[in-house]
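Working notes, beginning with the structure itself.
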């Protein structure tokens, strides 16, 4: 388990990370979300001791500087171009393997695993963003760490590679490891992550399971459509039953606080015909936008 406690970072008068605390559990993929400029990358750098700030990060009870072999505990990939542009991909990984006291055979295994065989002996300075991501992930995986920490690893990947990455990270976590990954691809994160940590302006907004985060959204409701003459009566009955009801369209109602079964029974008891009865489930994007609404930098129409 990784325990993050009170992380704080200032850049002059700007408070980039504000007393941030959360945990990352073994066997889970934890998504790390926030608007641009929310402090995600700075938080990861603080966790790895790459930036100075207040607070602590403990890996199974130890600070990162106390670990005998950092690369076997946490493998990080924070920058798709974090390599010497003239050193071949294979030699880049060999350098990392030497630091971690790994055999050369492990480099070959990771090259094959990441689909780098065709470019292994080429200089990565000319790599595409997607290929650079693969090389960075290969370096993070080299020592088979108990934790993977990845900042926007899907940037530049094609749809097939994103699908592969999702399956790979879920399988890696299923082996008892932990994965901490940031991404702006919310639809992909919804499929990948078990748990979500959301920050905005450096502050913790939410720390919960994916199911709980989505369940909080106001977009979880039931759409009901009736004859226009029945809508007012059905609305009264639903409000009387403790539901929240909002008109939608010419003859529709958006109903919160009841299931489709509940609404069907109420309508039947009153002899009201339902033309449509549909449960609408919120997405992670819906929940995220609601959670961070006051912290969005850009809005439709140019308002800030």
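Any read-out appearing in this document is the output of simple, stated calculations on the displayed coordinates, not a laboratory observation. This structure is a prediction, so every number in the text was calculated from the model and none was measured. Reconstructed Cβ throughout: ideal geometry from the backbone, glycine too, with neighbour counts over all protein chains shown.
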Q) Where does helix 104-113 land angle-wise versus the long Cα axis of the chain, in degrees 0 to 90, nearest 10? A) 30 degrees
Q) When only Cα pairs under 8 Å and 6 or more residues apart are kept, what is the percent relative contact order across the stretch 69-156? A) 50 percent
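Restricting things to alpha carbons, find the Rg to Rh ratio for the stretch 1-93 using the Kirkwood radius for Rh.
We get a ratio of 1.00 for the stretch 1-93.
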Q: Estimate the FRET efficiency between residue 23 and residue 118 by the formula 1/(1 + (r/R0)^6), using the beta-carbon distance for r and 51 Å for R0, to the nearest 0.05.
A: 0.80
Q: Multiply the residue gap between residue 94 and residue 109 by 0.36 nm, knock off their C-alpha separation, and tell me the result in nm, one decimal place.
A: 4.2 nm
Q: Rank the residues 275, 96 as a footprinting-exposure proxy: fewest other Cβ atoms within 10 Å of their Cβ go first.
A: 275, 96
(Q) Modelling each spin label as a point 7 Å along the Cα-to-Cβ direction, I'd like the residue 261/residue 218 distance in nm, to one decimal. (A) 2.8 nm
Q. Can you give the extra length, in nm with one decimal, that the chain gains between residue 81 and residue 50 once fully stretched, where that is 0.36 nm per residue apart less the Cα-Cα distance?
A. 9.5 nm
Q | Gaussian network model of the chain, Cα within-10 Å springs - most flexible of 209, 217, 256 | A | 256
**Q.** Relative contact order for the chain, counting Cα pairs under 8 Å that sit 6 or more residues apart, in percent
**A.** 20 percent
Q.
Between helix 228-240 and the chain, what is the angle of the helix's C-alpha long axis to the longest principal axis, kept within 0 to 90° and rounded to the nearest 10?
A. 70 degrees
Q) Given the rule -39500 (n - 2.57) for each run of at least 4 DSSP H residues, summed and divided by the residues of the chain, what is its mean residue ellipticity at 222 nm, to the nearest 500 deg cm²/dmol? A) -10000 deg cm²/dmol
Q) Taking Cα centroids, how far is the stretch 148-181 from the stretch 24-40 in Å? A) 13 Å
Q | At R0 = 51 Å, FRET efficiency that the Cβ-Cβ distance of residue 273 and residue 170 yields, to 0.05 | A | 0.70
Q | Correct choice for P(r) over Cα pairs in 20 Å bins from 0, in percent that was computed from the model, options (1) 35, 58, 7; (2) 36, 61, 3; (3) 29, 46, 21, 5 | A | (3)
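Hey, with R₀ at 30 Å, roughly what FRET efficiency would residue 244 and residue 185 work out to, going by the Cβ-Cβ distance, to 0.05?
On the way: r = 32 Å, r/R0 = 1.06.
Approximately 0.40, to the nearest 0.05.
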Q) Which angle from 0 to 90°, rounded to the nearest 10, does the C-alpha axis of helix 159-174 make with the longest principal axis of the chain? A) 80 degrees
